[in-house]
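Presented below is the structure to which this report refers.
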Amino acid sequence: MNEKKQSPLFGVGGVTLLTVLLVLALTMFAVLTLSSAQADMRLSEKNARAVRDYYAADAQAVRLQAAVAELWSSDRYKPQPEEIRDALLNDFDLAVADWDDGFMIFCDIPINEAGHILQLTLFLAPPGTAGRWRTEQWQFVPPPTVFDFEPGLPVWIGD
C-alpha cells in the first residue's frame, strides 16, 4: 500500500503571513478610529465655545433690554435719548433715537475675538403699552472678509 502524504492547504508560512496582515489591518483601523475621535473632540470643543460665546452675548442683550426698561419705568417721565445712552455707555456701545412715541435702540455686542457681533435693534414703547418691546433686528454678523488682490500679473509685453 502506497500512502501519499498530503501537505496542508496553508503551511506555517501562510498562516503567519495572514496573521501579520490581520494585525496590521486592525492596527490601522485603531489608529484611524483614534484620529477620528480626536478630530470630533476638537470640533465639539470649538462648537461648544462658539455656542457659549453667542449665548453670553445674547444674555448681555437681554440685560440691555432690562436696563433700558428700568431707566424708563412707569412712574418716570420719558427720558431723552442722550440720557439713556449716557447711563448705559459704560456697559454697552449703543445708539438711541426717538421713534414714534418710544425709542429705537441700536447696539453691536461683540461675541468673540474673531470679530463676530450680535447686531441688535430694539423698539421700546412707553410704559403700560401692550407690546412694550419689539425686536426689530437680532442678527449674528460674521467679520468682514478681506480680499487681497494683486495689482497685476508680471506679463512680458515685448520690446
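None of the figures in this text is laboratory data; all of them are computed from the coordinates on show. Worth saying up front: this structure is predicted, and the values here are computed from it rather than measured. Neighbour counts run over all protein chains shown; Cβ positions are idealised from the backbone, glycine included.
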| note | Taking r as the C-beta separation of Phe123 and Met41 and R0 as 41 Å, the FRET efficiency to the nearest 0.05 is 0.40
| message | Springs between alpha-carbon pairs under 10 angstrom, Gaussian network model over the chain: which of Ser36, Ser44, Ser73 fluctuates most? | response | Ser36
| Helix 12-71 sits at what angle to the longest principal axis of the chain, using alpha carbons and giving 0 to 90 degrees rounded to 10? | 0
